[in-house]
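Structure first, then comments.
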Amino acid sequence: MSACYKTPLRSSIRAQRVFPSTILRTVLRRSVASKPVYEGHIPLNALENAFLAVGSAVMSLADPRRGDMIAALGETTAGPALPRLRDLMLENAEGRQILKDRPRVNSHTVDMDALARLPEGTFGRAYVTWLERCGVTPDTREPVHYIDDPELAYVMQRYRECHDFYHCICNLPVNVSSELALKFFEFVNLGLPVAGISAAFGHLRLSWPQRQRLFAEYVPWALKCGSSARSMITVYWEKRWEQSVQEMKKELGIWDPPEAKWPKALSEAKAAAAKRAAVPSHGESQSHVV
């Protein structure tokens, strides 16, 4: 009797031992399709993506200054949000043009001095003034690494590089409270999980009075304005440098949030922008063409 069941029993035990390791090897093994498909691309399998998502989330919460970790979190948790944003762009004339042109936003592609010479009240002039007022540059955005599809990788890069435009058009400075307000806005407007994660946990870094004001004043604005405004990913900002800011806000369905605390007075930032405008031009970049 025992001889009759010896082989099947051992086979069953071997199968139970082999099955988990087979699954693990399958998950860890890279396929031919996992080779890099664009410059800077780092292919990940499902397990690696999960580990990086958890690790980057922990590091981002521990140190919000780690832009590389925040970027990794955004890419590893994007899921179906990026295809949905790409589809929104394809349904919109401006969005389709963005996907065709694939413009980049940095100090090499945008002539800041030319923008500073635009009339007061235009979006281009407002953007340069905002940069001066907040003391930031457009050159600090991390490149995309962990998204496999090149077009979806560009959509993520576009979101990342246009983040400051959202600050500018919404009249928000760069500080923890304002950044969180914009994350709530982005989450309901764009649906990116990284914005939701930041909004859900970032407020823990605020003092109790700051948190009270965030949820009493900024969050209601962000949820209402972000959900009713046009999808920001479909706006070709570089084609609108000469457009009136007020006209843009009306067109996009955006209104100002409660007044925030700025690091520099508006008059001081305008003076700095005017000084930049006095710099002789060496030719306009293609991103300045409207």
Check your understanding: Got a sec? Which of Tyr166, Tyr154, Tyr159 is assigned to a helix (DSSP H, G or I), crowded, with 23+ Cβ neighbours inside 10 Å and of a type outside the set (Val, Ile, Thr)?
Key -> Tyr159
Exercise for review: Give the residues of region 75-110 that are surrounded by fewer than 17 Cβ atoms within 10 Å (Cβ to Cβ) and of a type in the set (Gly, Ala, Ser), sorted by residue number.
Suggested key: Gly79, Ala93, Ser107
Exercise for review: Considering only region 129-151, state which residues are under 14 Å from the mean Cα position of the chain (by Cα) and either hydrophobic (A, V, I, L, M, F, W, C) or open to solvent by less than 20 Å² (accessible area, probe 1.4 Å) (or both).
Suggested key: Pro138, Val144, Ile147
Review point. Quick one: how many residues across region 243-262 are touching a residue at least 60 places away in the same chain (Cβ under 8 Å) and open to solvent by less than 90 Å² (accessible area, probe 1.4 Å)?
Key: 11
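In the set Lys239, Lys270, which member is among the basic types (Lys, Arg) and more than 19 Å from Leu88 (Cα to Cα)? Quick ask: steps written out before the conclusion?
Working: Lys239 fails: more than 19 Å from Leu88 (Cα to Cα).
Just one listed residue meets the conditions, Lys270.
Just the residues that are assigned to a helix (DSSP H, G or I) and either touching a His at 6+ places or on another chain (Cβ under 8 Å) or farther than 15 Å from Val194 by Cα (or both), please, taken from region 44-61.
In the first step, residues of region 44-61 are kept if they are assigned to a helix (DSSP H, G or I); the result is 46-61.
Within region 44-61, Ala46, Leu47, Glu48, Phe51 meet the criteria.
If you go through region 169-205 one residue at a time, how many are in a helix (DSSP H, G or I) and open to solvent by 20 Å² or more (accessible area, probe 1.4 Å)? Don't jump to the end; show me each part of the working.
If we filter region 169-205 for residues that are in a helix (DSSP H, G or I), which is where we start, we get 169, 176-190, 193-205.
Checking the rest, the ones that are also open to solvent by 20 Å² or more (accessible area, probe 1.4 Å) come to 176-177, 179, 183-184, 187-188, 193, 197-198, 200-201, 203-205.
Of the residues in region 169-205, 15 are in a helix (DSSP H, G or I) and open to solvent by 20 Å² or more (accessible area, probe 1.4 Å).
Within region 208-231, identify whether any single residue is in a helix (DSSP H, G or I), open to solvent by less than 50 Å² (accessible area, probe 1.4 Å) and under 30 Å from Ser34 (Cβ atoms), and answer yes or no. Step through it out loud before you land on a result.
Taking region 208-231 as the starting set, the residues that turn out to be in a helix (DSSP H, G or I) are 208-228.
Narrowing further to those that are open to solvent by less than 50 Å² (accessible area, probe 1.4 Å): 214, 218-219, 221-222, 225-226.
Still in the running and under 30 Å from Ser34 (Cβ atoms): none.
There is no residue in region 208-231 that is in a helix (DSSP H, G or I), open to solvent by less than 50 Å² (accessible area, probe 1.4 Å) and under 30 Å from Ser34 (Cβ atoms).
The values are calculated or read from the model by the stated rules, or taken from the named source; none is laboratory data. All of these numbers come straight from a predicted model, not from anything done at the bench. Neighbour counts are summed over all protein chains in view; Cβ atoms, including those assigned to glycine, are modelled from backbone coordinates with ideal geometry. Note: areas computed on protein heavy atoms with side chains; ligands, DNA, RNA excluded. Shrake-Rupley method; radii C 1.70, N 1.55, O 1.52, S 1.80 Å.
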